[in-house]
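Step one of this worksheet: look at the structure below.
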Amino acid sequence: MATNEHIVTSFDDELNGLAQKIAEMGGIAEQQVGESVAALSRRDEALAQRVISSDKRMDQLQREIEDDATHMIARRQPMAQDLREIVAAIHIANDLERVGDLAKNTAKRVFAIEGNFAAQRLVGGVEHISEMSLAQLKHILDAYTSRDLDSALAVWKRDDEIDAMYTSLFRELLTYMMEDPRNITFCTHLLFCAKNIERIGDHATNIAETIHYLVTGIPLTDERPKKDESSVTTVEYSDADD
Amino acid sequence: MNDASMSAEMTANLSKSLDFDQAAKPKVVAKDVNVFYGEKQALFDVSIDIVEKSVTAFIGPSGCGKSTFLRCINRMNDTIEGCVVKGGISLDGDDIYAPSLDVVELRARVGMVFQKPNPFPKSIYENVSYGPRIHGLARGKTELDEIVESSLKRAGLWEEVKDRLNEPGTGLSGGQQQRLCIARAIAVSPEVILMDEPCSALDPIATARIEELIDELRANFTIIIVTHSMQQAARVSQRTAFFHLGILVELGATEQIFTNPSDKRTQDYITGRFG
């Protein structure tokens, strides 16, 4: 936030309102991500349902932020920092809404895998990657609140750890599927969940890029280090007897 | 406000923002311009290159010196009692404050459009033909007619007035009068056109017409516009200079000034944080 205030105080109120709505969306997103994975590992359908329901509020907030931002652009003709604040709010709301959708998708799979008795150890990897994504999300929301460019960049750089984790999880789940075809349904759902969570990390880096623009006025154009190699990863089927 | 550190900081901002057009040719070059109204100093060490065939906007709060500086460029300040201009301003390398310079000729090269449309109390035709006639730019009536027609066309007014060229210019609407003043200014083929808040008395449609016109005129003229409308500066100019308390605070590409100004004072002014 800019330190000094506008001559027109209602403009400050509007900008603060926008930041508050982003904060609310951020809070809900964190909760959704955490609860969706908890619901998955515990097969807790009630919790999964809660994640799904809370997505309505996310959609509503995103629409409100878009409306507010449009009205502010039309009425205030914002310049410089103010303009960047508003543009950033639109981008971040969009990313957070997508995070909500991804968490919701994970939660929906809790119902799909009901009755599948695969070993709990299969879920462990997904829990681990979700911890990393959730930490990234939390850090980036803090960086937005404090307009902290350094910690935003740290989040941006750290995403390759999630990518690497996802690639190894991908291999692991393929291996389980080969071991026992009865795992396939469950593992496929888990793989989608892992992908959802990996995408949440990507949205955190998008927000980092938005914060960079917001603070410096310059778009972040460097290529981010990427370690998601799942799209070129194969696992050899090793059963020679067949 | 005027200490060494600030001027060092100012120079840093200027050089930083101007990296973008080092190749552009300067039309008007001002160096260390100081202006005094009697005891009171209105401008402090203003140095700026105005790039040819582009629009430069001067913005800043009332009393910041932007109009004063604009008026230095065609020596309109000469007419103000007690006004002293120090430092150098050149047009294509010619010192416009040189004692040998003919001010009338200078003002033919540097035209001006004012805030309030001020057509002569004469016919539309005479408003436009007066300048070319006294400067001897036309040999005979036919050539003069041609200048009047082409000036009115370039000012986007021809279609509206071609059937009533002998009616008084003062009978036109405000927006039409302002375009008539622009036609009058360009009729003498100036190189630079100074505009001092040319749209502040006009409605949005007339304003849009003038802005469209400015955009067309910059192909052939160097235009400097003083405006209180930040949106107008953002719309019509390629470069923007921000003045505050008689100092040129920041000069840069318009896009950069309005999205990412270097100086906090610029940021505070354009975002409405100035008291």
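The table for this structure:
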{"read-out": "A:Ala107 within 14 Å of chain B (Cβ to nearest Cβ) and either within 18 Å of the chain's Cα centre (by Cα) or of a type in the set (Gly, Ala, Ser) (or both)", "value": "no"}
{"read-out": "Out of A:Asp13, A:Asp55, sole residue that is within 30 Å of B:Lys264 (Cβ to Cβ) and assigned to a helix (DSSP H, G or I)", "value": "A:Asp13"}
{"read-out": "Cross-chain or 6+ apart pairs with Cβ under 9 Å, the range A:177-191 first and modelled with pLDDT under 90, then of a type in the set (Gly, Ala, Ser) and in a helix (DSSP H, G or I)", "value": "A:Thr185/A:Ala112"}
{"read-out": "Residue within the range A:195-207 that is surrounded by fewer than 14 Cβ atoms within 10 Å (Cβ to Cβ) and closer than 27 Å to A:Gly17 by Cβ present", "value": "no"}
{"read-out": "Count of the range B:127-164 residues which are on the phi > 0 side of the Ramachandran plot and surrounded by 14 or more Cβ atoms within 10 Å (Cβ to Cβ)", "value": "1"}
{"read-out": "Looking only at the range A:208-223, and only at residues there that are away from chain B (no Cβ under 14 Å) and β-branched (Val, Ile, Thr), the one that is surrounded by the fewest Cβ atoms within 10 Å (Cβ to Cβ)", "value": "A:Thr221"}
{"read-out": "Qualifying residue in the range A:232-242 (condition: part of a helix (DSSP H, G or I) and touching a residue at least 40 places away in the same chain (Cβ under 8 Å))", "value": "no"}
{"read-out": "Check on A:Arg75, within 14 Å of another protein chain (Cβ to nearest Cβ), among the basic types (Lys, Arg) and in a helix (DSSP H, G or I)", "value": "yes"}
{"read-out": "Residues located in the range B:256-275, provided they are within 11 Å of another protein chain (Cβ to nearest Cβ) and without any contact (Cβ under 8 Å) to a residue 24 or more places away in the chain", "value": "B:Thr259, B:Asn260, B:Pro261, B:Lys264, B:Gln267, B:Asp268, B:Thr271, B:Gly272, B:Arg273, B:Gly275"}
{"read-out": "Hits in the range B:97-141 - residues which are of a type in the set (Gly, Ala, Ser), more than 24 Å from B:Lys162 (Cα to Cα) and out of contact with any helix residue (DSSP H, G or I) (no Cβ under 9 Å at 6 or more places or on another chain)", "value": "B:Ala98, B:Ser100"}
{"read-out": "Residues satisfying the stated conditions in the range B:218-254, i.e. away from every other protein chain (no Cβ under 11 Å), surrounded by fewer than 21 Cβ atoms within 10 Å (Cβ to Cβ) and either in contact with a Phe, Trp or Tyr (Cβ under 9 Å, 6 or more places away or on another chain) or over 27 Å from A:Thr9 (Cα atoms) (or both)", "value": "B:Arg218, B:Ala219, B:Asn220, B:Gln238, B:Leu245, B:Ala253"}
{"read-out": "Residue check for A:Asp82: more than 30 Å from A:Phe186 (Cα to Cα), within 14 Å of chain B (Cβ to nearest Cβ), in contact with a His (Cβ under 7 Å, 6 or more places away or on another chain) and not aliphatic (A, V, I, L, M)", "value": "no"}
{"read-out": "Which numbered condition A:Asp228 misses (of (1) closer than 23 Å to A:Asp101 by Cβ; (2) out of contact with any Asp or Glu (no Cβ under 9 Å at 6 or more places or on another chain); (3) touching a residue at least 40 places away in the same chain (Cβ under 8 Å))", "value": "(2)"}
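Quick grid of which residues meet (1) in a strand (DSSP E or B); (2) in contact with a Cys (Cβ under 9 Å, 6 or more places away or on another chain); (3) at pLDDT below 95:
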site: B:Lys31; (1), (2), (3): yes, no, no
site: B:Val35; (1), (2), (3): yes, yes, no
site: B:Phe44; (1), (2), (3): yes, no, no
site: B:Ser47; (1), (2), (3): yes, no, no
site: B:Ser67; (1), (2), (3): no, no, yes
site: B:Leu70; (1), (2), (3): no, no, no
site: B:Ala98; (1), (2), (3): no, no, yes
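Residue-by-condition table, conditions (1) among the aliphatic types (A, V, I, L, M); (2) within 26 Å of A:Pro181 (Cβ to Cβ):
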site: A:Leu102; (1), (2): yes, no
site: A:Val110; (1), (2): yes, yes
site: A:Glu114; (1), (2): no, yes
site: A:Leu122; (1), (2): yes, yes
site: A:Glu127; (1), (2): no, yes
site: A:Ala135; (1), (2): yes, no
site: A:His139; (1), (2): no, no
site: A:Tyr144; (1), (2): no, no
site: A:Arg147; (1), (2): no, no
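The values are calculated or read from the model by the stated rules, or taken from the named source; none is laboratory data. From a predicted model like this one, the values you see are computed outputs, not experimental measurements. Here Cβ is always computed from backbone atoms with ideal geometry, including for glycine, and neighbour counts include all displayed protein chains.
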